[in-house]
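Here's the structure we're looking at; comments come further down.
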Amino acid sequence: MAALLTLAAKDLRLLLRDRFALFWILAFPIMYALFFGAIFSSEGGGGRGSLSLAIVDEDGSALSVALIARLEAHASLRIARDRERADDDEPTQRYDRESARADVRKGRRTAYLAIPAGFGDNPYALFSGAGSSAGPSLELGMDPSRKAEAGFMQGVLMEAVFGGIRARFSDKQALSDDIDRARADIAATDDLSLAQKLIMQTFMDALGSFIEQIDVDSLEAGSAGGGEAGDTAAGADEAHTDSGGGAPIELVEVAREQSKGPRSSFDITFPQSTAWGLMSVALGFAVTIVRERTGGTLLRLAIAPLSRAQVLAGKALACFVSCLGVMLFLLLFGVAAMGLQIDSPGLLALPMLCTAACFTGLMMVVSVMGKTENAVAGASWGLMMPFAMLGGGMIPLIAMPDWLQTASNVSFFKWSIYAIEGAVWRGFSLADMALPCAVLLAFGAGFFAIGIAVFRRTEP
């Protein structure tokens, strides 16, 4: 055991002294992850500058249609009236509350807005907005973990609601109709005493006379000039928004389903980057075996009190430890620098060990693919590059079409990336991790057996 550890430590020290090899093992994978992560993040999800809002219109009134139109005109919102479809053959259907809530829960939409039946029939909407005790509330459903987006969305909705109130004040006929309905409701209610009814009816009569006599056009011109009247109206709107009672929006928490997809583009690119680092490790150790063979180091070790098995085991141990170190370094860098979140840190150790074993076996195979360093390097890249591209090293596994994902099963790169993604964002359980880890160990054992058999035949 002491001899094995000494041989492994020797190879590790040689690797750390080779700055060119360290660039390809550590620096290049980081550059790859950052570059493609930045590209994917700028293109994914329809952009970060807009929020996707599903609309459920249960009212169908002129007021609800006008509210939706104001929301559609907002630059920060993408309004969806139809729910997400599973395939092109499924008929288009309008959102209801359940389907809208499901799309928010699955991360397809940022939020949903339900406009309840009776929203447009509330005669007090022009004073308190929808949602007071006199009428139904707008329902805004959002993931409770997205507090910043929730606050922004509420502000946009309040602006749209009070924009409708301001527009209603400019329509004298609509105001008169609202006042007439209010008079009728006051007269019909049994909750008010006769004295209260008289006070309310007197107020409505005075308000009706005020509406008939006021010049709306001159008021709009004055407020457009940014004068005191405009400031006062804005202050009134702000005061209403901040008041505790009669808030027109009811916020409903819709917890998003976990582990259904990557949280950011770096959740995809950092597992990919580990494959490139591991490939460089396997190639580097394969070249050192050839270098030691051609330089006579292996011959000197053969006449030393060491068995051939100990020599190869020391080389394999050094490669195995290097593979673990590279994966740990790259993933920790992603966590510290790019906010990479690992769902199952404890479970992550299992795919890392199996992946290191697989690439250690690969190292033994590529080390016997030629008799010179250049031959081994060229043959190794020629062998590994097609498997890397097929297995998700270039095109992310999550972006592959179904036929390509099936074809990628022959690539050990696919199973290493897939297993690491399982612990990072796919939400794998121990049972889910069994298949990719078993495939990686099978590849590693097969590679190692082939490499040892060829090595024994070619070495004296």
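Every number here is computed from the coordinates shown, using simple stated rules; none is lab data. Being a predicted model, the structure only gives us computed values, none of them experimental. Glycine also receives a Cβ, built like all others from the backbone with ideal geometry; neighbour counts cover every protein chain displayed.
In this structure, residue 152 and residue 332 have a Cβ-Cβ separation that, at R0 = 35 Å, corresponds to a calculated FRET efficiency of about 0.60. Note on residue 196 and residue 97: their simple-model spin labels are 2.8 nm apart, each label 7 Å out from Cα toward Cβ.
The length gained on full extension between residue 35 and residue 435, counted as 0.36 nm times the residue separation minus their Cα-Cα distance, comes to 140.9 nm. The stretch between residue 3 and residue 204, if pulled fully straight at 0.36 nm per residue, gains 62.5 nm over its current Cα-Cα span.
With r defined as the distance between the Cβ atoms of residue 28 and residue 371 and R0 fixed at 30 Å, what FRET efficiency is calculated, to the nearest 0.05? Using R0 = 30 Å, I get an efficiency of 0.65. Full extension of the chain between residue 188 and residue 445 yields a length gain of 84.0 nm, computed as 0.36 nm times the residue separation minus the alpha carbon distance. Summary of packing: across the peptides 151-160, 177-186, 422-431, the per-residue average of other C-beta atoms within 10 Å ranks them, highest first, as 422-431, 151-160, 177-186. Protection proxy ranking, highest mean first, for peptides 268-281, 60-73, 339-352: 268-281, 339-352, 60-73, where packing is the per-residue count of other beta-carbon atoms within 10 Å, averaged.
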